Each structure stands twice: as structure tokens, then as C-alpha cells.
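The values are calculated or read from the model by the stated rules, or taken from the named source; none is laboratory data. Model, not experiment: these values are computed from the prediction. Using ideal geometry, Cβ is built from the backbone for each residue, glycine included, and neighbour counts are taken over all protein chains shown. Ligands, DNA and RNA are stripped out before the accessible areas are found, and what is left, the full protein with its side chains, is counted by its heavy atoms. Shrake-Rupley method; radii C 1.70, N 1.55, O 1.52, S 1.80 Å.
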Amino acid sequence: MEKKNLDWANLGFAYMPTDYRYVANFKNGTWEEGALTADPNVTISECAGILHYCQEVFEGLKAYTTEDGHIVTFRPDLNAERMKDSARRLEMPPFPADRFLEAVDEVVKANTAWVPPYGSGATLYIRPYMFASSPVIGVKPAEEYQFRIFVTPVGPYFKGGVKPLTICVSDFDRAAPHGTGHIKAGLNYAMSLHAYVTAHTNGFDENMFPDPATRTCVEETGGANFLFVDRQGRIVIPKSDSILPSITRRSLVTVARDILGFSVEERPVKLAELDQFAECGVCGTAAVICPVGKVVDHGREICFDSGMEKMGPVVQKLYDTLTGIQMGRVEGPKGWIHTIL
Ligand SMILES: *Cc1c(COP(=O)(O)O)cnc(C)c1O
């Protein structure tokens with residue numbers, strides 16, 4: 001398959017329409033058969049539920065070209081399951097996991113020319129999503145839904161080198177206790193945009209959202225989960241019911257514990273103890289793990305031992321191992337790599 005003529009290593013993280021996307025509709029109480037389409041546009045009623053009451057959930061994963069030339073995805077079964085959990089919380093009909101997995105393969109196969117080559121640092125980002133497509137004006141769940149998957153090539157996250165982030169503790173809340181923080185839904189992002197823009201305006205890369213009930217514990221950034229390394233070399237993961245269960249973070253925990261032999265603790269992490277940590281990173285599909293150099297909690301500055309120039313040694317080891325597994329250079333736990341081609 002001839003690849004598209006793109007400058008892979010210099011792609012950013014932006015939408016570029018590719019040749020095919022997948023569409024399936026939920027009507028009369030069932031998910032109809034889906035199909036690929038070349039049309040990148042969605043046509044829906046002006047009164048569609050998504051447009052008014054924001055019934056939408058999504059996923060994000062990537063396809064990688066491995067060292068030996070295969071195209072693979074990383075733990076797509078977890079994305080399929082998480083999307084079902086997200087859908088249930090918003091009273092949407094879950095899209096069956098087996099069909100989710102088949103559809104991801106189908107879209108990637110149809111867009112092979114857009115899958116970045118090994119060594120370019122670029123990857124194919126895969127975005128499954130579903131939304132209420134039928135008219136809703138009285139507040140209630142819609143009757144019809146659409147599930148779609150598009151793919152778009154994205155560049156290396158650490159283009160131009162690793163730059164540790166500077167993060168501020170936000171004055172805004174991301175996820176209410178007993179709310180929707182643990183599901184992957186557009187509504188969580190809509191309400192975090194103001195906090196994100198405010199952080200940027202103030203010169204920060206990201207927000208650290210504290211738990212809204214007490215504002216004393218660390219939750220997440222709004223798009224990535226935190227991971228800390230203490231000065232004894234132990235890994236500490238914040239625990240809370242309103243953190244989105246990142247597949248990358250869960251995978252890093254397994255890598256740390258079972259492959260690299262670190263001790264890992266999952267527990268509430270207090271803002272007050274941040275200065276006890278040597279390293280901090282934020283984990284998600286986009287970067288795998290991105291180092292954090294500094295957290296500013298209003299007047300208080302916490303500078304991690306790893307500094308503002310590079311990844312700390314533990315974060316680096318985690319990054320190298322997980323990206324090694326994804327690119328087929330390191331053997332991972334059974335079932336983590338799904339070969340498409
Ligand atoms: C998607 C997402 C993450 C990262 O999850 P991954 O599965 O690792 O990509 C973290 N936090 C939020 C709020 C998210 O939406």
C-alpha cells in the first residue's frame with residue numbers, strides 16, 4: 001500500500017480528513033449494521049439531542065506501525081469497554097464491544113495509506129464517538145444515536161524535544177463528587193475549557209484539578225492522569241472516583257509493577273504532600289507520559305527534583321518501556337497488542 005506523501009515527523013495534533021470513516025445508527029431499539037463512508041460530514045436534525053443536552057461520549061486510541069512493519073493497536077478492548085461504561089452513565093445504548101473492535105480494524109485497514117511509518121514518531125489517532133441524533137426538546141434521553149469512528153494522522157508528541165510542563169492548581173472544578181468525571185464525555189471537556197484558557201492566559205501549560213469536595217487532594221489535569229514518584233523510588237497514583245480511568249496510566253502501573261519491579265501505591269494524594277515527590281508525569285494516549293517540572297498552587301511553587309529540562313529517570317524508564325511495547329520492540333503482557341495488518 002502506497003503511503004500518502006506527508007511530512008510525518010512534522011505533523012501536529014490536528015484533524016486531517018482521511019479517506020474513510022465508519023458509521024452505524026441506533027434506531028428502533030437496535031444498533032443497525034454499520035459501514036464505511038467517504039463522507040466526512042454528519043447531517044442531523046437541528047433539534048438532535050447532542051446539540052441541546054449534550055448526549056455524547058467518545059474514545060481515543062492509536063494505531064502504530066511496529067518495527068517489523070505491522071499495524072497494531074494497543075489494548076483496544078479497554079476502549080470498547082470504557083465507551084460502554086460512558087454510554088450507560090449518559091443513558092445511551094452501549095455500542096457492542098465486539099463490533100467496536102471490528103469497526104476500529106475496518107477503518108484503520110481502509111486508511112492504511114494514512115498510517116505513519118515506523119520511526120517517524122507519528123501515529124494514527126483513532127476517534128470513536130457516539131451522540132444523540134434524533135430530536136429532543138423535552139429533557140430526556142434521545143431515541144436514536146449514531147456511532148462513528150474517524151482516524152487522522154498525528155505527529156510525534158515530543159517534537160523538538162521533551163519540555164516538562166508547568167501546571168497550576170485550578171480555581172475551577174472539573175468533576176463533581178458522584179458526577180461524570182469518570183466517564184469520557186464531551187460535556188466534561190466543555191466545562192473545562194474556561195479553566196484551560198484561563199491557565200494558558202496565566203502562562204501555564206495545564207491545570208491540576210483538586211477534588212471539588214475538599215480541594216485538598218489531586219485529581220487530574222482534565223485530559224490526562226497524574227503519576228508521581230517519591231524519593232524512595234515508589235510510584236504513587238492518585239485515587240478518586242471522579243478520575244477518568246486512563247488506559248495509559250493503568251498500563252504504566254502494570255509495566256512498573258510487573259515488568260520493572262517498582263512498588264506502586266494507589267491512594268488519595270494531598271496537595272500538601274506534593275513537595276515530597278521527586279518526579280511527576282501526566283499520562284494519556286497522546287503523549288504516553290509527559291513530565292511535569294513545576295506545580296504552582298497559588299503562592300506556593302513545587303519544583304520536582306527532575307527539573308525543567310528532561311524526564312526524570314523513573315518517568316523515562318516507564319516511557320521507554322511502554323512505547324517499546326507499542327512499537328513492538330519490547331514484549332508486553334499477553335493481549336496488549338492487537339495486530340490489524
Ligand atoms: C482520555 C482521558 C485521559 C487519558 O486516558 P487514556 O486512556 O490514557 O488516553 C485522562 N483523563 C481524561 C479526562 C480523559 O478524557
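Values as computed for the structure displayed
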| read-out | value |
| --- | --- |
| Whole-percent carbon and sulfur share, accessible surface of the range 165-326, 1.4 Å | 53 |
| Student exercise, the chain dipole from Lys, Arg, Asp, Glu Cβ charges, in Debye to nearest 20 | 280 |
| The range 296-338 and the range 48-101: distance between their alpha carbon centers, rounded to Å | 24 |
| Over the chain, volume per residue of the alpha carbon convex hull, in Å³ | 137 |
| Model label zone, Lys27; criterion: amide N under 19 Å from point 7 Å along Cα-to-beta-carbon; scope the range 134-157 | 134-136, 142-149 |
| Sequence of Phe150, Phe58 from largest to smallest accessible area, 1.4 Å probe | Phe150, Phe58 |
| CD proxy at 222 nm, helix term only [per DSSP H run n ≥ 4: -39500 (n - 2.57); per residue of the chain; nearest 500] | -6000 deg cm²/dmol |
| Amide H partners (placed H, <5 Å) of Cys217, local residues excluded | Asp211, Leu271 |
| Label-point separation in nm, Asp68 to His338, each point 7 Å along Cα→Cβ | 2.0 |
| 17 Å Cα-Cα reach of Lys84 towards lysines, excluding residues that sit fewer than 8 places from it in its own chain | Lys184 |
| Residues Ala35 and Arg88, FRET efficiency given R0 of 30 Å [Cβ-Cβ distance, rounded to 0.05] | 0.75 |
| Length gained when the stretch Asn202-Glu331 is fully extended (0.36 nm per residue, less Cα-Cα span) | 42.2 nm |
| Relative contact order (percent, whole number), the chain, Cα cutoff 8 Å, 6+ residue spacing | 19 |
| Amide H contacts of Val236 (H built 1.01 Å from N, under 5 Å, at least 5 apart or other chain) | Phe228, Val229, Asp230, Glu265 |
| Size descriptor, Kirkwood hydrodynamic radius, that averages inverse alpha-carbon separations across the range 165-326, Å | 15.7 |
| For the range 192-206, Karplus couplings with θ = phi - 60° (6.51, -1.76, 1.60), whole Hz, Gly/Pro x | 9, 5, 5, 5, 5, 5, 4, 4, 4, 4, 8, x, 9, 7, 7 |
| Accessible surface, per residue, of the chain when the full set of protein chains is kept, probe 1.4 Å, Å² | 45 |
| Ordering of 254-265, 316-327, 17-28 by burial proxy (mean other Cβ atoms within 10 Å per residue, highest first) | 316-327, 17-28, 254-265 |
| Calculated from backbone phi, Karplus (6.51, -1.76, 1.60) coupling profile of the range 100-109 in Hz, x at Gly/Pro | 4, 5, 5, 5, 4, 4, 4, 5, 5, 4 |
| Per-residue HN-Hα couplings for the range 5-20 [Karplus 6.51, -1.76, 1.60; θ = phi - 60°; Hz; x = Gly/Pro] | 8, 10, 8, 3, 5, 10, 5, x, 10, 8, 6, 10, x, 10, 6, 9 |
| Ordering of 133-141, 34-42 by packing [mean C-beta count within 10 Å, highest first] | 133-141, 34-42 |
| Efficiency of FRET from Cβ geometry, Leu187 and Glu309, R₀ 30 Å, rounded to 0.05 | 0.20 |
